[in-house]
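K.L.:
There's a structure below that I have some questions on.
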Amino acid sequence: MLGTVTTGQPPRPRSHRPRRSRAVLVVLAVAGVSALVAVAVVVVPLVRPPGPRPLFQLPVACGETWQLGTYPGHDDYDVDLFPIEGQAWGRPVLASYGGTVTVAGVNGSLGGRTPEDPDGPRGRGGGYWVKIDHGGRWETQYLHLLEPPMVEVGQRVEQGEQIGKVGSTGNSGAPHLHYEQRRGWEKVEAYFDGAPSGITHDDTEYTVRRTSNNCV
Ligand SMILES: [Zn+2]
């Protein structure tokens, strides 16, 4: 009569090894999901095609006429704005279009050019500046502001909302607003109220006058 065949040893507790491999699987799964999320959140927005051009407005007060210009060595598509009447110092700088502030700080160094000391030491780069993400991979930039920006990173701004004041911080010769529109990775010709500015390169000096329709 056959009894139960045994090895004579108690069955091995198998709990340890499987538990460890399950932990490894969980870690791998979490890593995989994280990688997918990173691709979805970081990579996809960078490679997806830009959306249609927002209806950008001149970044200065409604009804005011300003001179838009560039000069050799500026950079292609860069626009410098000077008011045709009155002082530039302290004039309101307005968001060209609604969006989310992605930069509000100092680019380069401020230097020491102020309304009281307009020929003070020149700074480097953009000085006080703001960058706004308008969605669809469109951005605008506002440089050489007089004072720390009036907005914070992450803040939602509406078209026509004041974000700062015209100044001469950074590498600036005289108080003015340096302005750029960007699509995806590149600067593009700035359009205002649906019309191109005509500033497409910095091979020659060029100026044009436009009246702001940045009206709320
Ligand atoms: Zn400029």
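Derivation of every value follows stated rules applied to the coordinates shown; laboratory data play no part. Owing to the predicted nature of the structure, the values given are computational and were not obtained by experimental measurement. Neighbour counts are summed over all protein chains in view; Cβ atoms, including those assigned to glycine, are modelled from backbone coordinates with ideal geometry.
K.L.:
For every other residue with a beta carbon closer than 15 angstrom to the beta carbon of Gly111, add +1 if it is Lys or Arg and -1 if Asp or Glu, then tell me the sum. Mind dumping the intermediate values first?
P.N.:
Values: positive: Arg113, Arg122, Arg124; negative: Glu116, Asp117, Asp119, Glu147.
Neighbour charge sum, excluding Gly111 itself: -1.
K.L.:
Once you keep just the Cα pairs under 8 angstrom separated by 6 or more residues, what percentage relative contact order results for the stretch 124-167? Please report the intermediate quantities before stating the final value.
P.N.:
Values: 55 pairs, mean separation 15.6, N = 44.
Relative contact order for the stretch 124-167 comes out at 35 percent.
K.L.:
From Cα coordinates alone, what are the radius of gyration and Dmax values for the stretch 96-196 in angstrom?
P.N.:
13.6, 41
K.L.:
Let me ask something additional. If exposed GluC sites (Glu not before Pro) are those in a DSSP loop with at most 12 other Cβ within 10 Å, what is the longest stretch of the chain that has none? It would help to have the intermediate numbers written out before the result.
P.N.:
Numbers: sites that count: Glu85, Glu116, Glu152, Glu158, Glu205.
Of all site-free stretches, the longest is 1-84.
K.L.:
Shifting gears a bit: Note down the magnitude of the dipole of the chain about its Cα centre, charges +1 on Lys and Arg C-beta and -1 on Asp and Glu C-beta and zero elsewhere, to the nearest 20 debye. Walk me through the numbers before you get to the answer.
P.N.:
Values: 21 positive and 22 negative charges, 468 e Å.
In total the dipole reaches around 2240 debye.
K.L.:
Using all C-alpha to C-alpha distances in the chain, build P(r) with 10 Å bins and read off the rounded percent in each one.
P.N.:
8, 27, 28, 11, 6, 5, 4, 4, 3, 2, 1, 0
K.L.:
Determine the equivalent ellipsoid of the stretch 67-118 by diagonalising the alpha-carbon gyration tensor, then write out the semi-axes as square roots of 5 times the eigenvalues, largest first, rounded to whole Å. Mind dumping the intermediate values first?
P.N.:
On the way: eigenvalues 77, 63, 51 Å².
Value: 20, 18, 16 Å, ordered largest first.
K.L.:
With a cut-off of 8 Å between alpha carbons and a minimum separation of six or more residues, what is the relative contact order of the chain in percent? Spell out each step's value before the answer.
P.N.:
On the way: 493 pairs, mean separation 59.5, N = 216.
Once divided by the residue count of the chain, the mean separation gives 28 percent.
K.L.:
Right, something else. Could you give the semi-axes, largest first, of the ellipsoid that matches the stretch 90-155, computed as the square roots of 5 times the alpha carbon gyration tensor eigenvalues and rounded to whole Å? Numbers along the way, then the final one.
P.N.:
On the way: eigenvalues 120, 27, 16 Å².
With the √(5λ) rule applied to the stretch 90-155, the semi-axes are 25, 12, 9 Å.
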